[in-house]
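The values are calculated or read from the model by the stated rules, or taken from the named source; none is laboratory data. Just so it is clear, the structure is predicted and the values come from calculations on it, not from any experiment. As a convention, Cβ positions derive from the backbone with ideal geometry for all residues, glycine included, and neighbour counts pool all protein chains shown.
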Amino acid sequence: MPWNSSRSGQFLEIEILRFPAGLDAIASIVLDANAFPMPADRNARNVVPAGTVLTVSATDPTKHVAYTGSGTISGILAHSVEFQTSATDGAEPAPMFFHGCVFATPAIVGFTTYAAALVTAMPTCKFM
C-alpha cells in the first residue's frame, strides 16, 4: 500500500431476531470457505450476510454451507461473516441460531423460498 494512505470499509449488520434469544439458542459453527466463492474484483469484500440459512456441508460434515434446498437445515447465521482473503485460506468461525428463537422473516435470506423447510426443520422457532 502506498505511503500515507489507508483503505477501510464497513457493512451494516441487520437484526434477524424479533426478540432476544437465550444462550442455549446459539451454536458455534465453522463456515466452509470453499462454499462461498470470492468475488472476481479483488477489492470487493466476501461477506456472508446474517440471516443466511445453513446446512451441514456434504463434503465436510464439520463445516456449514448455505442451504440451497437439499439437506437438513441446521440453523440461521446470527451475524455477518467476512472471509478475509481467499477461499483457500480455510474456514471461518460463526454463531448460528437454531433453537427457541423468534426470527424477523424479512431479514432471513431466501425466506420466501425456504419457508416451509424452515418451519419443519426448526419447530421450536417462530417466524414473524
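Tabulated data for the structure shown
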{"read-out": "Residue satisfying condition, being within 14 Å of Val109 (Cα to Cα) and of a type in the set (Ser, Thr, Tyr), within set Ser57, Ser70, Ser80", "value": "Ser80"}
{"read-out": "Where Val30 falls short, out of the listed (1) on the phi > 0 side of the Ramachandran plot; (2) in a strand (DSSP E or B)", "value": "(1)"}
{"read-out": "Checklist (1) over 23 Å from Ile14 (Cα atoms); (2) modelled with pLDDT of 90 or more; (3) among the polar types (S, T, N, Q) applied to Thr52, failing item", "value": "(1)"}
{"read-out": "In the range 31-49, residue modelled with the highest pLDDT [restricted to those that are more than 13 Å from Gly75 (Cβ to Cβ), surrounded by 15 or more Cβ atoms within 10 Å (Cβ to Cβ) and of a type in the set (A, V, I, L, M, F, W, C)]", "value": "Val48"}
{"read-out": "Residues of the range 70-89 classified as at pLDDT below 85, exposed (fewer than 14 other Cβ atoms within 10 Å of the Cβ) and not acidic (Asp, Glu), total", "value": "4"}
